[in-house]
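These notes concern the structure reproduced below.
The values are calculated or read from the model by the stated rules, or taken from the named source; none is laboratory data. Bear in mind the structure is a predicted one, so any value in this text is a computation, not a measurement. Every residue, glycine among them, receives a Cβ derived from its backbone with ideal geometry; neighbour counts consider all protein chains shown.
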Amino acid sequence: MKELEFIKYISKRPLFKGIGDDCAVLPYRKNKYLLVTTDMIIEGVHFAKSDLPYRIGWKAVAVNISDIAAMGGVPKYALISAGIPRNKGLRYLKKITEGIEAAARKFSVKIIGGDTNLSAKTVVNAALIGEVEKQNLLRRSGAKPGDLIFVTGALGEGKKKHLSFIPRALEARRLAANFKINAMIDLSDGLAMDLTRLASASRAGARVYKSLIPLSETTLSLRGATKGSDEAISSGEDFELLFTASVKESRRIIKRMGEKLPVTLIGEIVPKKLGIKIVEESGRERILKPEGFAHI
């Protein structure tokens, strides 16, 4: 909640513009917008001291690509800055660079600069620039009562896969180009937290059905359906996409669901006065508290 409170505070400051989406949206060309985003990953918060430096580099770029994807865009250029402890050595920094290069290469991103400094802990920050056609721009604020809520992939394995996840950039482009998506956000901080952000931005409420939340086979086998769903709701770093579409458009999406469009229907958008709630398997509704991954 500290993060949500701080974002709410800075969004009201006169010099802070564009707060409230996964990327800032800037004028660019006649038919395109420029997308700008930045994310910092820090030892002890987003990865462990013992994690492989290659994976740290990969994640630093991937989390930003996920933000560009959530806006329906294409990542183009990146600036990378890193703070590295003196005792880590050049080899450690080179391995981080290899991970950065691998993620950038996979998504055709060009590294155009950055900075390095000594730091008490390893810190890597990436700033990404992308672009999106004006007709394909997706925001958090477009969800409407009556919309159905979808999520890509399976949830609950963020703790296991957060250093190796593949951003849903291709899936986002397919959705933006082929369907009328009303709102979208990436699930960096957990379903409960990020659904709250989307619903709040859209001035709406939501109902999510616990039995419909897609869980991976690993999560089901280790945690079971009930515990697995609880973990998927409140844990973060799945980096899947959460989006909404009208009932009419949802019918088209459902017909094309499959390997190339791995999405699952999990709920619906309702009027704001009805709040944001989770529907248990028993049919009982409870308030969905905005709990999730804590950055601060």
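Return only the number of the condition from (1) within 21 Å of the chain's Cα centre (by Cα); (2) part of a strand (DSSP E or B); (3) more than 18 Å from Y28 (Cα to Cα) that G83 does not satisfy. Looking at each condition in turn, G83 falls short on (1). Checked against the criterion of being in a helix (DSSP H, G or I) and in contact (Cβ under 8 Å) with a residue 24 or more places away in the chain, the candidates E231, E281, E268, E237 yield just one match: E231. Taking the criterion of being β-branched (V, I, T), outside the structural domain of D115 (by TED's automatic domain parsing) and at pLDDT below 95, would at least one residue in the stretch 229-239 satisfy it? Scanning the stretch 229-239, I find at least one residue that is β-branched (V, I, T), outside the structural domain of D115 (by TED's automatic domain parsing) and at pLDDT below 95, so the answer is yes.
Against the definition (touching a Pro at 6+ places or on another chain (Cβ under 6 Å), under 21 Å from G73 (Cα atoms), in the same structural domain as Y28 (by TED's automatic domain parsing) and not charged (D, E, K, R)), how does G153 come out, yes or no? Considered against the rule, which asks whether it is touching a Pro at 6+ places or on another chain (Cβ under 6 Å), under 21 Å from G73 (Cα atoms), in the same structural domain as Y28 (by TED's automatic domain parsing) and not charged (D, E, K, R), G153 comes out as no. Scanning the stretch 116-139 for residues that are in contact (Cβ under 8 Å) with a residue 40 or more places away in the chain, assigned to a strand (DSSP E or B) and not charged (D, E, K, R) turns up V123, V124, N125, A126, A127, L128, I129, G130, V132. Taken across the stretch 94-115, residues that are assigned by TED's automatic domain parsing to the domain that holds P262 and in a helix (DSSP H, G or I) do not occur at all.
Selection of the stretch 94-130 for residues being exposed (fewer than 12 other Cβ atoms within 10 Å of the Cβ), of a type in the set (D, E, K, R) and closer than 20 Å to I42 by Cα yields only D115.
Among the residues of the stretch 27-50, those identified as part of a strand (DSSP E or B) and exposed (fewer than 13 other Cβ atoms within 10 Å of the Cβ) are P27, R29. Select from the stretch 128-140 the residues that are of a type outside the set (D, E, K, R) and touching an Asp or Glu at 6+ places or on another chain (Cβ under 8 Å) and list them in ascending order. Hit for the stretch 128-140 is L128, nothing else.
Residues in the stretch 51-79 that are assigned to a strand (DSSP E or B), surrounded by fewer than 24 Cβ atoms within 10 Å (Cβ to Cβ) and of a type outside the set (S, T, Y): V74, K76, L79.
For the subset of the stretch 140-160 comprising residues that are among the basic types (K, R) and touching a residue at least 60 places away in the same chain (Cβ under 8 Å), which member is surrounded by the fewest Cβ atoms within 10 Å (Cβ to Cβ)? The extreme case among them is K159.
With respect to G275, determine if the residue is within 29 Å of I65 (Cβ to Cβ) and not β-branched (V, I, T). No: the conditions fail for G275. A single member of T226, T264, T244, T218 is modelled with pLDDT of 90 or more, within 24 Å of K160 (Cβ to Cβ) and of a type in the set (S, T, N, Q), and it is T264.
Among the residues in the stretch 183-199, are any free of Cβ contacts under 8 Å to residues at least 40 places away in the same chain, touching a Lys or Arg at 6+ places or on another chain (Cβ under 9 Å) and outside the structural domain of S66 (by TED's automatic domain parsing)? Checked the stretch 183-199: no residue is free of Cβ contacts under 8 Å to residues at least 40 places away in the same chain, touching a Lys or Arg at 6+ places or on another chain (Cβ under 9 Å) and outside the structural domain of S66 (by TED's automatic domain parsing). If you go through the stretch 134-161 and keep only what is over 19 Å from S202 (Cα atoms) and hydrophobic (A, V, I, L, M, F, W, C), you end up with A154, L155. Contact map, the stretch 27-47: first residue over 25 Å from F239 (Cβ atoms) and in the same structural domain as K76 (by TED's automatic domain parsing), second residue in a strand (DSSP E or B) and of a type in the set (S, T, Y), Cβ cut-off under 8 Å, separation 6 or more or different chains; pairs are P27/Y33.
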